[in-house]
Amino acid sequence: MNYASTRDAGLSSTLSVALRHGLAPDGGLYVPRSLPQVPARTLDEWASLPAVAEALLAPFFAGDRLAPALAAIAAESLDVVAPVLPIQDGAERLAILELFHGPTAAFKDFGARFLAACLARLREPESPTLTVLVATSGDTGAAVAAAFHGRPGVRVVVLYPDGRVSPIQEQQLTGWDGNVRSFAVQGSFDDCQRLVKQAFADAGLRERFALTSANSINIGRLLPQVVLFASAALATREAAGTPASFVIPSGNLGLATACMYAREMGLPVGQILLAHNANRAVPDFMTDGDWKPRTSVATLASAMDVGDPSNMERLFALYPDAQALRHALRAVSIDDAGIRESIRGEFQRGGVVACPHTAAGLAAYRGLPGRERRESRWVVAATAHPAKFPEIVEPLVGRRVEPPAALARLLDRPSRRERLLPSVDGLADRLGEAPCLP
Ligand SMILES: *Cc1c(COP(=O)(O)O)cnc(C)c1O
């Protein structure tokens, strides 16, 4: 399988090149030149995430030098559970797909670990030190830092919006030493993302630091996420005999794109409903058909504070006809009041403690007409552990939320906070700072 650019269907890169560069040379995003159909016959035999990954991703790796390593990459990076847990909710048919059992307690761990496992295997003795440059709205940076920390031949530079991530998220970003540096950028997530794109557009910088991207623009983040939805859809069909309809808390649309890919590949996925926060670019597009990216606004579900989601380009590449795209997907916006109400209400109703992002997803589900809720098997993606956001969640549920063990260990590390103005010149001065293991 080769990879085209969203801006140039004629481009044809290998998987290794797409992984290594992150962004296509024309500034577009790498996309598979076709989406392989999953052979229906093999579906039932799949079990663990690594096993699903091996079968499902083989065509995406075919012909690349990484192909022989796929099994090892999947085994190393997808050894984290992603259970589908039914919620007892009367006549309704709701389940939660828990994606927060990795080291930094958000779904970003799956993609970051998979990408790190791939890049580690692309390294050659004479390779220059890679600099993974990543913009984060909170969770990506931590997952990427955890996935690459201590790996030889690579350093990580994380940019996050100052004051717009939760205190625990900030600790997860800044509690690293060695080959990881995090900077609090005086601006929004979109400013961070713009800085990353500017750095990549600068051929001199790109070359000097062997820049690569670990944002969800990197196809290596998307592929394992397809596996998450495939596995959940197969488990749902096994348990309930029907396709799963997914509710996906969304920001930069990486998770959403992966779910769309899974459905296109023939997996038993029904409807796809995106739950955005007050950043309404996608819900407004679904309503009126105009694509108007905008400046992001800060919300309680901060990892979804994206006004100009990168992966919209991949969705348009999949559905060049805007009308068709609007039929393939639904999207709603849940504001902060709705998120608070959802956290409180879900705890009272069924004892579910949801993070603000997952709460937006649950609110989107509750907003569906009753008939739809009863007729389909709905699965809401739980994208982060609520203990990452105690200052929001604890007052609403009226009790302490204990962090999982891996997260607790991370929180014990000493942290260092450094600021950066949103200018590419300032960034260039800092890129090479983090020392790197040979
Ligand atoms: C990143 C993130 C999202 C949004 O995912 P996208 O792939 O950017 O749409 C939702 N919830 C949490 C907790 C996240 O970290």
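The values are calculated or read from the model by the stated rules, or taken from the named source; none is laboratory data. Fair warning: this is a prediction, and the values are worked out from it, not measured in the lab. Counting neighbours? That spans all protein chains shown, and the Cβs are built from the backbone with ideal geometry, glycine included. All accessible areas refer to the heavy atoms of the entire protein, side chains included, with ligands and DNA or RNA removed. Shrake-Rupley method; radii C 1.70, N 1.55, O 1.52, S 1.80 Å.
With only Lys, Arg, Asp and Glu charged, each at its Cβ (+1 for the first two, -1 for the last two), find how big the charge dipole of region 185-276 is about the Cα centre; round to the nearest 20 debye.
80
At 1.4 Å probe size, put D64, D321 in order of accessible surface, largest to smallest.
D321, D64
Kindly provide the helix-only [θ] at 222 nm of the chain, computed as the sum of -39,500 (n - 2.57) over DSSP H runs of four or more divided by all residues, to the nearest 500 deg cm²/dmol? List each step's numbers first, then the result.
Numbers: 19 runs with 189 residues, N = 438.
Computed ellipticity for the chain at 222 nm equals -12500 deg cm²/dmol.
With label points built 7 Å along Cα→Cβ from the Cα atoms of D425 and T242, find their separation and express it in nm.
The modelled label-to-label distance comes out at 6.1 nm.
Can you give the accessible area of C436, probe radius 1.4 Å, in Å² rounded to 10?
40
Counting only protein heavy atoms, what percent of the accessible surface of the chain is carbon or sulfur at a 1.4 Å probe? Present the calculation step by step, with values, prior to reporting the outcome.
Details: 8130 of 15960 Å².
The computed percentage sits at 51.
What is the sum of charges around L29, taking Lys and Arg as +1, Asp and Glu as -1, for the other residues whose C-beta is under 12 Å from the C-beta of L29? Write out the running numbers ahead of the final one.
Values: positive: R7, K197, R221, R314; negative: D8, D26, E313.
Residues near L29 contribute +1 overall.
Report the label-to-label distance for E391 and R409 in nanometres (one decimal), using points 7 Å from each Cα along the Cα→Cβ vector.
2.7
Specify the inter-centroid distance of region 223-257 and region 382-416, based on alpha-carbon positions, in whole Å.
25
For the chain, what is the charge dipole size about the Cα centre, in debye to the nearest 20, if Lys and Arg each add +1 at the Cβ and Asp and Glu each add -1 at the Cβ?
Details: 44 positive and 45 negative charges, 48 e Å.
The calculated dipole for the chain is roughly 220 debye.
May I ask you to evaluate 6.51 cos²θ - 1.76 cosθ + 1.60, the Karplus curve with θ = phi - 60°, for each residue of region 26-31 and list the ³J(HN,Hα) values in order in whole Hz, giving x for glycine and proline?
8, x, x, 9, 5, 9
Using 1/(1 + (r/R0)^6) with R0 = 45 angstrom and r between the beta carbons of Q186 and E126, what's the FRET efficiency to the nearest 0.05?
E between Q186 and E126, to the nearest 0.05, is 0.70.
Does a label point 7 Å from the Cα of E402, set along Cα-to-beta-carbon, have any residues of region 93-132 with amide nitrogen under 19 Å, and which are they?
Backbone N within reach: 100-106.
Give me the extension gain from R294 to E375: residue separation times 0.36 nm, minus the current Cα-Cα distance, reported in nm with one decimal.
On the way: separation 81, 0.36 × 81 = 29.16 nm, distance 3.58 nm.
Between R294 and E375, full extension yields 25.6 nm more.
Run the quick spin-label model on R417 and L437: label points 7 Å from Cα toward the beta carbon, then report their separation in nm to one decimal.
According to this spin-label approximation, the distance is 3.0 nm.
Among the complete DSSP H segments of the chain, which ones combine at least 20 Å of alpha-carbon extent along their axis with a mean Kyte-Doolittle hydropathy of -0.5 or more? Spell out each step's value before the answer.
Numbers: long enough: 108-122 (21 Å, 0.66); 219-240 (31 Å, 1.01); 336-350 (21 Å, -1.06).
Those that clear 20 Å and a mean of -0.5 are 108-122, 219-240.
With the contact rule set at Cα under 8 Å and sequence spacing of 6 or more, what percent relative contact order holds for the chain?
Over the chain, the number comes to 20 percent.
If exposed means no more than 12 neighbouring beta carbons inside 10 Å and the site is in a DSSP loop, what's the longest run of the chain without any exposed GluC sites (Glu not before Pro)?
Within the chain, the longest run free of exposed GluC sites (Glu not before Pro) spans 127-417.
With every protein chain left in place, what is the accessible area per residue of the chain in square angstrom, probe 1.4 Å? Please list the in-between numbers first.
Numbers: 15960 Å² over 438 residues.
Ligands and nucleic acids excluded, the figure is 36 Å² per residue.
Can you tell me the length gained on complete extension of the stretch H327 to A58, counting 0.36 nm per residue apart and subtracting the Cα distance?
Length difference between fully extended and current span is 93.9 nm.
For L315, what accessible area in Å² do you get when you roll a 1.4 Å probe over the heavy atoms of the protein chains, rounding to the nearest 10?
We get 0 Å² for L315.
Count charges around P369 for me, please; just the other residues with Cβ under 15 Å from its Cβ, Lys/Arg as +1, Asp/Glu as -1.
Once positives and negatives cancel, what remains is +3.
Rank these by accessible area, largest first, 1.4 Å probe: K388, K108, K197.
In descending accessible area the options line up as K197, K108, K388.
Count charges around M1 for me, please; just the other residues with Cβ under 11 Å from its Cβ, Lys/Arg as +1, Asp/Glu as -1.
0
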